[in-house]
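This report concerns only the one structure given below.
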Amino acid sequence: MEKLRGFEIAKGWEDKDIHLPERKTAHSAAYDIEAAEDIVIPPFTLGGKPTLVPTGLKAYCQDDEYFILVNRSSGPKKGLVMANSIGIVDADYYGNESNDGHFYFQYYNILDHDLEIKKGDAIGQVIFMKFLPIDNDHATGIRKGGFGSTDK
């Protein structure tokens, strides 16, 4: 079977009981993603960095596709706000040399106390999408790293 798009366990997470994402209904657009480990997110402070929540997952898709990481609708009610609003993950992030394509969610906690996330808690969603290049697009670069590497 040809691989079109899907999820795999990232290197180093194979023995951590990571669950592959599933859609919950036939008409759901997104795949629910779980936290790969227990983590505590401190309350937001000005100048503070977001907390990276590991998923233990990598995802593959076609060259003209990408996937977005989005918050769950219940996220803000629970105190979770994504630092980057949405995360865009390009097809060539999969299997990259620096982190194998392991994707994380970046969260701030807007509550006034620590927020505990337990392994297996639903922390976000993934939606696969197509993209359309513009006329005279001459992109030829090759990804050399993982998270945040395309502008280096």
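Since every read-out is calculated from the coordinates, none of them should be taken as a lab result. None of the values given here were measured: they were computed from a predicted structure. Please note: Cβ atoms are built from the backbone with ideal geometry, for glycine as well, and neighbour counts cover all protein chains shown.
Tabulated data for the structure shown
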quantity	calculated
Qualifying chymotrypsin sites (Phe, Trp or Tyr not before Pro) in the stretch 99-132, DSSP loop, other Cβ atoms within 10 Å at most 16	PHE131
Charge dipole magnitude, Cβ of K and R +1, D and E -1 - the chain, Cα centre, debye nearest 20	320
FRET efficiency, 1/(1 + (r/R0)^6) with R0 30 Å, evaluated for MET1 and ILE110 via beta carbons	0.10
Karplus-derived 3J(HN,Hα), 6.51/-1.76/1.60, for each residue of the stretch 62-78, Hz, glycine and proline x	6, 4, 9, 10, 8, 10, 10, 9, 10, 6, 6, 4, 7, x, x, 4, 8
Karplus-derived HN-Hα couplings along the stretch 29-40 (A = 6.51, B = -1.76, C = 1.60, θ = phi - 60°), whole Hz, x at Gly and Pro	8, 10, 9, 6, 10, 9, 5, 8, 7, 5, 8, 10
Qualifying GluC sites (Glu not before Pro) for the stretch 6-89 [loop in DSSP, other Cβ within 10 Å: at most 13]	GLU14
Computed FRET value (nearest 0.05) for LEU46 with SER73, which takes r as the C-beta separation and R₀ as 22 Å	0.25
Cβ-Cβ FRET estimate between ILE142 and GLN62, R0 fixed at 30 Å, reported to 0.05	0.95
log10 of Debye I(q)/I(0), alpha-carbon scatterers only, for the chain at 0.10, 0.11, 0.18, 0.19 Å⁻¹	-0.37, -0.45, -1.15, -1.26
Amide H contacts under 5 Å for ALA10, placed H, 5+ residues apart	LEU57, LYS58
